[in-house]
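Undergrad: My questions will all concern the structure given below.
The values are calculated or read from the model by the stated rules, or taken from the named source; none is laboratory data. Just so it is clear, the structure is predicted and the values come from calculations on it, not from any experiment. Note that each Cβ is placed from the backbone with ideal geometry, even for glycine, and that neighbours are counted across all protein chains shown. These area figures cover heavy atoms from the full protein model, side chains too; ligands, DNA and RNA do not enter into them. Shrake-Rupley method; radii C 1.70, N 1.55, O 1.52, S 1.80 Å.
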Amino acid sequence: MSIQKFKEGLIQLIPFSKLRKYVSYHYGWFPGSYVAYDNTISEIKNLTLEGHNIIYGRGIYRCGKGGIKIGKYSQIAEGAYMIATNHNYKDAEMLPFGDKGYCYSIDIGKYVWIGANVTIGPGVKVGDGAIIALGSVVTKSVPKCAIVGGNPAKIIGWRDIEKFDKLAEMEAYNENRPIEYIMMNNEFKKEMTE
């Protein structure tokens, strides 16, 4: 059993969801960030969170040796899929691909918002302040403050870069929002589905 699974198991033994989320946020695998327990993270040592991140559940993060880095204050919705490795089919001596792969890092900037069910492929860099629409498949790098969507993802709009830069300089991120917002929002969702 990995250390990650052990910590997740211990946190899941806490009977009250609000306390469980609080402990996870402050003492979990990534202190200072909320990472839902039902994410799958391979090679966790190659996942870097710069802090104050929110990563909702049912995501798959295949870090490989390339690694995945997520900048401060970025938020990732449910069902994200990031893969930092790829199969070797060009120099393969077998079909459909060889037994050795390639490792390409994924670099998510600061203040990035990634919608639900987004797939991000190997070698992609997402600039600060970018927004990726739900269901997008990102195969190429995304510029700062771009809004992208689709399959493959294309630029569909832009944030106001001047305003973004001012807010980022002030670090205008509500420090209290992450854990309280998550607890309130998850309780609300639970009430709506019951």
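Undergrad: Looking only at strands (runs of 3 or more DSSP E) that lie completely in the range 78-119, which have at least 3 residues being open to solvent by 40 Å² or more (accessible area, probe 1.4 Å)?
TA: 85-87, 101-103
Undergrad: Is it fair to say Ile68 is buried (at least 19 other Cβ atoms within 10 Å of the Cβ) and in contact (Cβ under 8 Å) with a residue 60 or more places away in the chain?
TA: no
Undergrad: Quick check: is even one residue across the range 120-141 more than 18 Å from Ile70 (Cα to Cα), free of Cβ contacts under 8 Å to residues at least 40 places away in the same chain and of a type outside the set (S, T, N, Q)?
TA: Looking for residues that are more than 18 Å from Ile70 (Cα to Cα), free of Cβ contacts under 8 Å to residues at least 40 places away in the same chain and of a type outside the set (S, T, N, Q), one finds at least one in the range 120-141, hence yes.
Undergrad: Can you report the number of residues in the range 58-73 which are touching a strand residue (DSSP E or B) at 6+ places or on another chain (Cβ under 7 Å) and more than 14 Å from Val124 (Cβ to Cβ)?
TA: So the answer is 3.
Undergrad: Okay, moving on. Looking for something open to solvent by less than 60 Å² (accessible area, probe 1.4 Å), modelled with pLDDT of 70 or more and farther than 19 Å from Val138 by Cβ - is there at least one such residue anywhere in the range 3-12?
TA: no
Undergrad: Also, I was wondering about something else. Just checking, which of Gly57, Gly51 is under 17 Å from Thr119 (Cα atoms) and over 9 Å from the mean Cα position of the chain (by Cα)?
TA: Gly57
Undergrad: Residues being over 24 Å from Arg58 (Cβ atoms) and surrounded by 18 or more Cβ atoms within 10 Å (Cβ to Cβ): count how many of those fall in the range 128-143.
TA: Counting residues in the range 128-143 that are over 24 Å from Arg58 (Cβ atoms) and surrounded by 18 or more Cβ atoms within 10 Å (Cβ to Cβ) gives 2.
Undergrad: Being farther than 21 Å from Glu50 by Cβ, part of a loop (DSSP other than H, G, I, E, B) and at pLDDT 95 or above: is that true of Lys144 here?
TA: Criteria not met by Lys144.
Undergrad: So which residues in the range 60-96 are under 17 Å from the mean Cα position of the chain (by Cα), among the aromatic types (Phe, Trp, Tyr) and at negative phi?
TA: Tyr61, Tyr81
Undergrad: List every residue pair whose Cβ atoms sit under 6 Å apart, with the two residues 6 or more apart in sequence or on different chains, where the first one lies in the range 84-99 and is over 17 Å from Gly64 (Cα atoms) and the second, anywhere, is assigned to a loop (DSSP other than H, G, I, E, B) and open to solvent by 100 Å² or more (accessible area, probe 1.4 Å).
TA: Phe97/Tyr89
Undergrad: Within the group Pro152, Pro122, which residue is open to solvent by 50 Å² or more (accessible area, probe 1.4 Å) and in contact with a strand residue (DSSP E or B) (Cβ under 9 Å, 6 or more places away or on another chain)?
TA: Going through Pro152, Pro122 in turn, just one is open to solvent by 50 Å² or more (accessible area, probe 1.4 Å) and in contact with a strand residue (DSSP E or B) (Cβ under 9 Å, 6 or more places away or on another chain): Pro152.
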